[in-house]
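Structure first, then comments.
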Amino acid sequence: MTSRRAIPRQSLPDVIANDLRERILSGELAEGETIRQESLAEEYEVSRMPIREALKRLDAEGLVNLTTNRGSTVTKHSLAEIGEIFDLRILIEVDLFRRAIPAMTSTDFARCEDILDRMEQSYDADDVSKWGALNYDYHSALYAAANRGLTNELLQRINLQSDRYVRMNLSVMEQREPAKDEHRNMLKLAQERKIDVACEMLTQHILRTKTQLLEMVAARRATEGE
């Protein structure tokens, strides 16, 4: 006799929120862009109710600014706020990496290697979206052995804010080799248990992204007259 099995299903607001999130992270919905619920309802062929629920979820994640009676816009961070996002990444990720390295096992190293291989495939295919997602997966795998659930939840929220800027940087970055090399070297240093050197490389890795990104965003906004 067969038993029934519960199959997890995504609700309509979940599906819409996931799609809108990807559209924001990919830059299809640009920072500061107005989001009209009526237009989205027509686009997704649904009522406005699941659209409102999806936007509430994205507002809670910090990707959308939802204002009562004034509609919604894609969150647009100031240059100072963008810098702060990457400063927070350094504070949190370096601490996690320092705690993780002594506890990393062959399984952790193998998972990191697998993600790196897929990252390099997406790099060769010029698939920025996939590379951006795998970049987050790789960093998460580096820190997994730290076993810091609450810190990882906080980092996940911060990475939602940084992901679209990382993708923006990757899409125009002419020299991607340094990022590839740094990812490989960080893993090698972790395998060798060289904690201080590995953490310093991670710090410089995030700082370099921050510096390049701020220069790019500042130049783009100056061109747009903002």
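Based on Cα contacts under 8 Å between residues 6+ apart, region 61-174 shows a relative contact order of 34 percent. Secondary-structure-derived ellipticity at 222 nm for the chain, considering helices only, amounts to -24000 deg cm²/dmol, per-run term -39500 (n - 2.57) for DSSP H runs with n ≥ 4. Remark: the chain carries 56 Å² of accessible area per residue (probe radius 1.4 Å; ligands, DNA and RNA excluded). Approximating the spin labels as points 7 Å out from Cα along Cα→Cβ, the GLN212-to-LEU79 distance works out to 1.9 nm. What percentage of the solvent-accessible surface of the chain, computed with a 1.4 Å probe over protein heavy atoms, is contributed by carbon and sulfur atoms? Percent of accessible area from carbon and sulfur atoms in the chain: 50. For the chain, the tally of Lys pairs with Cα-Cα distances below 27 Å comes to 12, considering only residues 8 or more apart or on different chains. Distances between placed amide hydrogens fall under 5 Å for ILE35 paired with SER72, THR73, VAL74, all partners being 5 or more residues away or on another chain.
Cα centroids of region 41-94 and region 106-123: how far apart, whole angstrom? When both Cα centres are located, 30 Å separates them. Seen against the Cα atoms of the chain and their longest principal axis, helix 48-61 is set at about 30 degrees.
Using θ = phi - 60° in the Karplus curve 6.51 cos²θ - 1.76 cosθ + 1.60, the 3J(HN,Hα) couplings for region 30-36 round to 7, 4, x, 5, 6, 10, 9 Hz; x is entered for Gly and Pro. Between THR107 and ARG23, how high is the FRET efficiency from 1/(1 + (r/R0)^6) when r is the Cβ-Cβ distance and R₀ = 30 Å? Nearest 0.05. For R0 = 30 Å, the calculated efficiency reads 0.30.
The values are calculated or read from the model by the stated rules, or taken from the named source; none is laboratory data. Just so it is clear, the model here is predicted, and its values are computed rather than measured. When we count neighbours, we look across all protein chains shown, and the Cβ atoms used for this are built from the backbone with ideal geometry, even at glycine. For accessibility, only protein heavy atoms count, side chains too; no ligands or nucleic acids. Shrake-Rupley method; radii C 1.70, N 1.55, O 1.52, S 1.80 Å.
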